[in-house]
């Protein structure tokens, strides 16, 4: 019976410590959230700049909903593309100093759409071993020849590009890697693109708004400008709203618009979200204090937990690698008992044997929050989390 097979598969997931469970948050996203009537100090969101419930952004969404409604009723290529979407695409392009930008309903759709639009069966895609699942799925769907290069290994990639016979060569990488928080070696990757006539697609979901001048992301962090750069940014993390975009050369963006099935066959996201992002971009650009506070909190956490050896990261993503699924689950449970939410991340999200706590910081946190987290993490590590799993 099919239902018994499904039940057996679920039981196997549970026995291996890989069962995932949701909790229902009551109220807005923020440094403190309420779950089942209890308030927790939360280090489990990607609201890096603390904008998810900013009153100006909320007001912009409400005003736009009153004017444009809450549903678009069609894809962008039919009647779903509003003047608000059009204006936001122009604003995003100006903000990034890119020729053009194209809105998507989610980062997953943007990555799959961009990869499959730019690469096909006659082409070759070179994918970092630690790329996000959306890039991996896009690469698989493209039907291109795939080279999975060791994480951030520019020398290996150089040799692979030199031996490739792909008609179009596309390098795909996270900008800031979502589980380790490290930044891709973009200058080296872009130099390889120039040498081998390739494109570089950067999924900067965790870099946009957070790093670089005015929060313009990983390429700006390195001072990079190139028509070979295809930039994918997410609007549901540091920007605090929802959606995503692809930015780059006019020929690239138009190709994505024409060929990306995740764009062509998807109802446009509500105009009220685009209006909210417009305000968010203004705050991202002008309020440098948010990134400054974030940098201070990152430094404070790393210094205070230096004896525990957080994996090196200069971004809000601070992984504490514990190894086994049981240790990660146990540590997360012990922190929750202390009123702190830090998620346990396990395979296949991360490689086998690298289960971890993924601590994510926000500009909405304060130094007392960091101190409380540090104390709880130290106590948890001393107690031995595995026995508590």
Considering only residues that are within 13 Å of the chain's Cα centre (by Cα) and not in a loop (DSSP other than H, G, I, E, B), look in the range 188-215 and name the one that is surrounded by the most Cβ atoms within 10 Å (Cβ to Cβ). 203
Which pairs have Cβ atoms under 6 Å, sit 6 or more apart or on different chains, and link a residue in the range 239-259 that is surrounded by fewer than 24 Cβ atoms within 10 Å (Cβ to Cβ) to one that is part of a helix (DSSP H, G or I)? 242/273; 255/117; 259/117
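From 62, 84, which residue is modelled with pLDDT of 95 or more, assigned to a helix (DSSP H, G or I), assigned by TED's automatic domain parsing to the domain that holds residue 260 and over 30 Å from residue 256 (Cα atoms)?
Residue meeting the stated conditions: 62.
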So for the range 40-51 (the condition being over 21 Å from the mean Cα position of the chain (by Cα) and either outside any helix (DSSP H, G or I) or surrounded by fewer than 17 Cβ atoms within 10 Å (Cβ to Cβ) (or both)), does at least one residue qualify? yes
Could you list, in sequence order, all residues of the range 196-219 that are out of contact with any strand residue (DSSP E or B) (no Cβ under 9 Å at 6 or more places or on another chain) and free of Cβ contacts under 8 Å to residues at least 40 places away in the same chain? 212, 213
Yes/no for residue 236 being without any contact (Cβ under 8 Å) to a residue 12 or more places away in the chain, in the same structural domain as residue 98 (by TED's automatic domain parsing), surrounded by fewer than 24 Cβ atoms within 10 Å (Cβ to Cβ) and not in a helix (DSSP H, G or I): no
Out of (1) free of Cβ contacts under 8 Å to residues at least 40 places away in the same chain; (2) in the same structural domain as residue 239 (by TED's automatic domain parsing), what's the single condition that is false for residue 277? (1)
When you go through (1) within 26 Å of residue 320 (Cβ to Cβ); (2) without any contact (Cβ under 8 Å) to a residue 40 or more places away in the chain one by one for residue 179, which number turns out not to apply? (2)
Scope the range 216-230; condition over 21 Å from residue 314 (Cα atoms) and crowded, with 24+ Cβ neighbours inside 10 Å; matching residues: 230
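The values are calculated or read from the model by the stated rules, or taken from the named source; none is laboratory data. All of these numbers come straight from a predicted model, not from anything done at the bench. Heads up, the Cβs are rebuilt from the backbone with ideal geometry, glycines too, and the neighbour counts pull from every protein chain shown.
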